[in-house]
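Here the structure is laid out as structure tokens; the discussion comes afterwards.
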Amino acid sequence: VFDGGSAQASAYGEAFAFLPEYRAAMAVDGDVSTAWLAGQRFPPIGETLTVSSVPDGALRLVQSQDPLQRLMITAIEVTDGAGTTPHQLGETSLSLDGQTIPVTGDGDVVIRITAVGDRPGAPRTGTYFVGFAEVGPVFPEYVHPPTTLLDAATPGQRLALVFQRESVRATN
């Protein structure tokens, strides 16, 4: 469950695997060490990231900070309340400060990848993922457990909730 907004992506992870650590929520979590990533083993051109609102009237696009990435997003289209506008992304979008893109109107803002290119200083071997560590708005994500069992519990009854998430990397 998101608090204050939401994020959705047309794809994330690899062509044959949705990798939860790369889902859209990672671009609005306020943490530049995580990112929405797509494009490993498939061309990311045309993939979209949609955020439900941009409260400050501007996107702050910070591309993934993974030093193993070989590519970067070089061009996007942003669709907002005023229509669709093309934008070029430069090395500023690779920095922690990011690249600012103005948006207008209320409602969904759609960011569509239209071009990718070589990432400056990229290793000769690495991944082909591209994506955003942050896009501006921060919408915290919470786990909402089922409540049926909690409703049935009596006062004073001992109850333990155990949350487990299968992950791809042992470091997640």
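The values are calculated or read from the model by the stated rules, or taken from the named source; none is laboratory data. Note that the coordinates shown come from a computational prediction; the quantities given were computed from them, not determined experimentally. Cβ: placed from backbone, ideal geometry, glycine included. Neighbour counts: every protein chain shown. We work out accessible area using only protein heavy atoms, side chains counted, and drop any ligands, DNA or RNA first. Shrake-Rupley method; radii C 1.70, N 1.55, O 1.52, S 1.80 Å.
Listing for the model above:
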quantity: Complete set of residues in region 119-167 that are open to solvent by 100 Å² or more (accessible area, probe 1.4 Å), of a type in the set (A, V, I, L, M) and closer than 21 Å to residue 14 by Cα; calculated: none
quantity: Unique residue being in contact (Cβ under 8 Å) with a residue 40 or more places away in the chain and farther than 19 Å from residue 9 by Cβ when the list is 94, 68; calculated: 68
quantity: Strands (runs of 3 or more DSSP E) contained in region 44-159 and holding at least 1 residues at positive phi; calculated: 83-88, 130-134
quantity: Neighbours by Cβ (under 7 Å, 6+ apart or cross-chain): first from region 72-84, closer than 10 Å to residue 112 by Cα; second at pLDDT 95 or above and of a type in the set (Gly, Ala, Ser); calculated: 75/115
quantity: Positions within region 69-87 being of a type outside the set (Val, Ile, Thr), open to solvent by 30 Å² or more (accessible area, probe 1.4 Å) and over 17 Å from residue 42 (Cα atoms), in sequence order; calculated: 77, 81, 82, 86, 87
quantity: Per-region count, region 88-118, residues out of contact with any strand residue (DSSP E or B) (no Cβ under 6 Å at 6 or more places or on another chain) and either under 13 Å from residue 135 (Cα atoms) or open to solvent by 60 Å² or more (accessible area, probe 1.4 Å) (or both); calculated: 6
quantity: Residues being touching a helix residue (DSSP H, G or I) at 6+ places or on another chain (Cβ under 7 Å), open to solvent by 20 Å² or more (accessible area, probe 1.4 Å) and not hydroxyl-bearing (Ser, Thr, Tyr) - total across region 3-15; calculated: 2
quantity: Evaluation of residue 153 against (1) in contact with a helix residue (DSSP H, G or I) (Cβ under 9 Å, 6 or more places away or on another chain); (2) over 27 Å from residue 38 (Cβ atoms) (one fails), failing number; calculated: (1)
quantity: Boolean, residue 34 is open to solvent by 60 Å² or more (accessible area, probe 1.4 Å) and either under 16 Å from residue 137 (Cα atoms) or in contact with an Asp or Glu (Cβ under 8 Å, 6 or more places away or on another chain) (or both); calculated: no
quantity: Region 16-31, subset assigned to a loop (DSSP other than H, G, I, E, B) and open to solvent by less than 50 Å² (accessible area, probe 1.4 Å), residue modelled with the highest pLDDT; calculated: 28
